[in-house]
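Structure record follows, encoded as structure tokens.
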Amino acid sequence: MRLQSRHLLGIESLTADEISLILGTAESLAEISQREIKKVPTLRGRTVVNLFMEPSTRTRTSFELAEKRLSADSLNFSASGSSLSKGETLIDTARNIEAMAPDFIVMRHSMAGAPHFLARHCRASIINAGDGAHEHPTQALLDAYTIKQKKGAIAGLRVAIVGDILHSRVVRSNIFLLKKLGASVVLSGPATLVPLGIEHLGVTVAPSIEEALDGADVIMMLRIQLERQGKGYFPSLREYFSLYGLTEERVGLAKPDAIIMHPGPINRGVEIASSVADGPYSVILDQVTNGVAVRMAVLYLLAGEADHAHSAEERTGH
Amino acid sequence: MPAKGRIMDEATIDRTLTRIAHEILEKHRGCDGLVLVGIRTRGVPLARRLGEKIRKIEGCEVPVGLLDINLYRDDLTTISDHPILRKTEIPFPIDGQKVLLVDDVLFTGRTIRAALDGIIDLGRPRLIQLAVLIDRGHRELPIRADFVGKNVPTSLDEKVQVSLKEEDGVDSVDLVGMGAD
């Protein structure tokens, strides 16, 4: 059993078996983060470039920690303070990074498809760390890992996802993943923030948060990006909270043992009440912990794939 | 793969493990400070069986841990896809303990080299020793076993196949040839 591609560009192209392989490997790697010496020599001598063309703290630090715990050498490029903000094109940036012969490029970009573009032009394995409103595969994988950890299995669960569906790459990756592993997904959000035709992905759209939460095993709240306010999507943050905010009362509609997730960073009092975010059902900080193990698993498995690709090239005389 | 002959059957494996358990207790004068660590995959059931035998002979519980050495392999950059990673579970402190590594077959010694690195990343044991069911020779590193079930001279194109009930449903050790097919 192995991954079919040496890149991780999205969940859409993965099979259920590949997803299970990544989650199983993450489970084996989680133990390393509990040791006194949190490091193994597995990726010694491999170079990882973290290319973040959009601000990110959580995802970047999580990747960095995963890289360090596997002993890879990593370097960070961010949009500000580098040639990326000086008008260099993506292909030129890619060629320059490629000239330094990294083994992996972890990429966050505001445009959907940017990592796919890089994958066509680079020898390195590309890991998509979020591209526009398209996919954020490692977030969906760490969400699935957390659900599996708390619920035992994913098949048969009812997962409610509430908030800004329109702009969320986390939602798209999660829908692909949860459907592949046999969960049912129900979405809810202001009509302006739920794209038309999203049902084609095999999900249902509930007209209100109450109906979405009814009987849910997992509640996934999405961040309302504050910069969206005043663009006509919803009248005010206060109104958003009153209609779609997760309050203790609304949590009561879900199953008694429901878990509450959020990809972070949270806006207290906008999409989630403080008492809920800090409450006993919240697994938001477990998600952060699990993110490191999941990203270690992705690096470990893709490193094997890259070797596979290279040795195949050598065999054919490259 | 053509079978070249049976090296051990169920009864022989059991007697051999009984003898090794006695040897361990004799050498360590009991089981004080002793911990067993089985190397995945087939070292794990062997370590559990040794632990059980020690308990029957001496009446003491020896902790048994499991070690996956894949993160410490020296061939990760040369083998094609990375091996399936399984859990390392050593839920007891090994600092100052006498760690007895257990594996089925000792061959090149590279697995044991990786296991030594894996153990040392988890703490500083007082000593590390090695028990194997079969030593088939052909070492590529300066490593030897402290407790050996049976020395089996082999050629490089042969393979020692250990089957254990817990993993394979049957207890046996066979010598098989790889050249013929």
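FYI, it's all coordinate maths here, none of it is from the lab. Note that the structure is predicted; figures quoted are calculated from it, not measured. Note that we place each Cβ from the backbone using ideal geometry, even for glycine, and neighbour counts take in every protein chain shown.
For peptide A:19-32, what's the mean number of Cβ atoms from other chains within 10 Å of each residue's Cβ?
On the way: counts 0, 0, 2, 0, 0, 4, 5, 1, 3, 9, 4, 1, 7, 3.
For peptide A:19-32, the averaged partner shielding equals 3.
Could you work out the mean count of beta carbons from other protein chains within 10 Å of each residue's beta carbon in B:67-73?
Numbers: counts 0, 2, 0, 5, 11, 3, 2.
Averaged over the peptide's residues, the number is 3.
Rounded to the nearest 20, the Cβ-based charge dipole of the protein assembly as shown about its Cα centre (Lys and Arg +1, Asp and Glu -1) stands at 680 debye. Under a model in which nothing but the beta-carbon of Lys, Arg (+1) and Asp, Glu (-1) is charged, the stretch B:1-134 shows a dipole of about 260 debye around its Cα centre. A simple rule links phi to the HN-Hα coupling: the Karplus curve 6.51 cos²θ - 1.76 cosθ + 1.60 with θ = phi - 60°, which for the stretch B:113-129 gives 4, 5, 5, 4, 4, x, 5, 5, 5, 9, x, 10, x, 5, 7, 10, 10 Hz, with x for Gly and Pro.
On full extension, the segment bounded by residue B:141 and residue B:52 gains 28.9 nm, given 0.36 nm per residue less the C-alpha separation. Scalar couplings 3J(HN,Hα) for the stretch B:55-70, obtained by applying the Karplus form with A = 6.51, B = -1.76, C = 1.60 to θ = phi - 60°, are 5, 5, 6, 10, x, 10, 8, 9, x, 10, x, 10, 10, 9, 9, 4 Hz; x denotes Gly and Pro. For chain A, the relative contact order works out to 20 percent when only alpha carbon pairs closer than 8 Å and six or more residues apart are counted.
With a/c under 1.5 counting as rounded, go ahead and sort chain B into rounded, prolate or oblate using the C-alpha gyration tensor (a ≥ b ≥ c being the square roots of the eigenvalues; past the cut-off, prolate if a/b is larger than b/c, else oblate). Oblate is the answer for chain B, as a/c is 1.5 or above yet b/c matches or exceeds a/b.
Using the crude model of +1 on Lys and Arg Cβ and -1 on Asp and Glu Cβ, and no other charge, please compute the dipole size for the stretch A:1-46 relative to its Cα centre, in debye to 20.
That gives the stretch A:1-46 a dipole magnitude of about 400 debye.
When each of the peptides A:47-54, B:16-23, B:91-98, A:171-178 is scored by the mean number of other C-beta atoms lying within 10 Å of its residues, the order from highest to lowest reads A:171-178, A:47-54, B:16-23, B:91-98. Of the residues A:96, A:195, A:289, the one whose Cα sits farthest towards the positive end of the charge dipole of chain A is A:96 (charges of +1 on Lys and Arg Cβ, -1 on Asp and Glu Cβ, taken about the Cα centre).
Applying a DSSP loop filter and a limit of 12 other Cβ atoms within 10 Å to the GluC sites (Glu not before Pro) in the stretch A:1-85 leaves A:36. Within the shell of other residues whose beta carbon sits under 14 angstrom from the beta carbon of residue A:242, the net charge comes to -2, with Lys and Arg scored +1 and Asp and Glu -1. For a straight C-alpha distance cut-off of 26 angstrom, the lysines reachable from residue B:150 (same-chain residues fewer than eight places away being disregarded) are B:4, B:27, B:53, B:56, B:98, B:159, B:165. Taking GluC sites (Glu not before Pro) across the stretch B:36-96, the ones in a DSSP loop with at most 13 further Cβ atoms lying within 10 angstrom of their Cβ are B:61. Residues in the stretch A:234-251 carry Karplus couplings, in order, of 8, x, 7, 4, 5, 5, 4, 5, 5, 9, 10, x, 8, 9, 4, 4, 5, 4 Hz; the curve used is 6.51 cos²θ - 1.76 cosθ + 1.60 with θ = phi - 60°, and Gly or Pro positions show x. From its DSSP helices (H runs of at least four residues, each -39,500 (n - 2.57)), chain A gives a residue-normalised ellipticity at 222 nm of -12000 deg cm²/dmol. The loop-placed GluC sites (Glu not before Pro) in the stretch A:71-145, going by DSSP, include none that has at most 12 neighbouring Cβ atoms within 10 Å of its Cβ. Within the same chain, lysines fewer than 8 places from residue A:68 are excluded, and of the rest, those with a Cα less than 19 Å from its Cα are A:38, A:39.
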